[in-house]
1. What number do you get for segment B:5-75 when its Cα radius of gyration is normalised by 2.2 N^0.38 Å, N = residues?
2. Relative to the longest principal axis of chain B, what angle (0 to 90°, nearest 10) does the C-alpha long axis of helix B:123-134 take?
3. For the protein assembly as shown, what is the calculated [θ] at 222 nm in deg cm²/dmol (nearest 500), taking -39500 (n - 2.57) for each run of four or more DSSP H residues and dividing by its residue count?
4. Shape verdict for chain B, please, from the Cα gyration tensor: rounded (a/c under 1.5), prolate (a/b greater than b/c) or oblate.
5. Note down, for segment B:140-200, the three equivalent ellipsoid semi-axes (square root of 5 times each alpha carbon gyration tensor eigenvalue), biggest first, whole angstrom.
6. For segment B:84-201, what percent of Cα pairs sit more than 20 Å apart?
7. Please report, in debye to the nearest 20, how large the charge dipole of segment B:91-150 is about its Cα centre when each Lys and Arg carries +1 at its beta carbon and each Asp and Glu carries -1 there.
8. How long are the three semi-axes of the equivalent ellipsoid of the protein assembly as shown, in whole Å, if each is the root of 5 times an eigenvalue of the C-alpha gyration tensor, listed from largest down?
Amino acid sequence: FSDPASNLGLEDIIRKALMGNLEERPE
Amino acid sequence: NRMHLVCPMNTSPHVNPHKSGHEVWEEFSHSFTPAVREVVEFAKKIPGFRDLSQHDQVSLLKAGTFEVLVVRFASLFDVKDRTVTFLGGKKYSVDTLRAMGAGDLLNSMFDFSEKLINLGLSEEEMSLFTAVVLVSADRSGIENVNSVEALQETLIRAVRSLVTKNHPNESAIFTKLLLKLPDLRSLNNMHSEELLAFKVH
């Protein structure tokens, strides 16, 4: 259990929130 | 079969016994996700944070989100009434939560919240302190320690300057504030252990 954040699914939420603006930017 | 989730980042500590472990976890995740997103949005606004590598931004957030949430939600722990307000808005007494299985972490959270709130910091001071909590060069997995360290030092200088200006007769406040950092680490470790217990159950 060395990486509780990953186990929680936190990393996914964090990555999506960090990159969100880029993903939503219209082409 | 644990029937209660005593984390206030949940809408309620009561768990529907008819739901599977996976469903319970999904519901809990749904409940704390907005708070995590707010931490990320906060991080993005820290001057210099977006200049760090993407890897280090993620590493800092993974390691520090819990600690940031503890600072931001310290007011959920009402020391006077010995109650905890859950995200659903309902308050639960310490005795009730203990009966539901809450352990030492609960007491430690109360102690921390009480000491932090007693420092009487302004919103701006608290916000800068939260940035210091997040930007810690000694988190595991940081690839560019020097950059994180430089940003952390800038933020610490900013906190010291603001606290010294706002509390000229209380020179110990800045020291007390920095001493909250190891307290937060300790809470983070205790929390990880509780999570492990939860996952095992």
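1. 1.33
2. Approximately 80 degrees, to the nearest ten.
3. Details: 10 runs with 147 residues, N = 228.
Taken over the protein assembly as shown, the calculation gives -21000 deg cm²/dmol.
4. Details: a/c = 2.29, a/b = 1.43, b/c = 1.60.
Judged from the Cα gyration tensor, chain B comes out oblate (a/c at least 1.5, b/c at or above a/b).
5. On the way: eigenvalues 182, 72, 8 Å².
Whole-Å semi-axes of the equivalent ellipsoid: 30, 19, 6.
6. Values: 3826 of 6903 pairs.
Percentage above 20 Å: 55.
7. Details: 4 positive and 10 negative charges, 55 e Å.
It works out to roughly 260 debye.
8. Details: eigenvalues 169, 117, 44 Å².
Gyration-tensor ellipsoid for the protein assembly as shown: 29, 24, 15 Å.
Bear in mind that the values in this text are calculations on the coordinates, not laboratory data. On a predicted model such as this, the values are computed, not experimentally measured, just so you know. In this analysis, Cβ positions are derived from the backbone assuming ideal geometry, glycine residues included, and neighbour counts consider all displayed protein chains.
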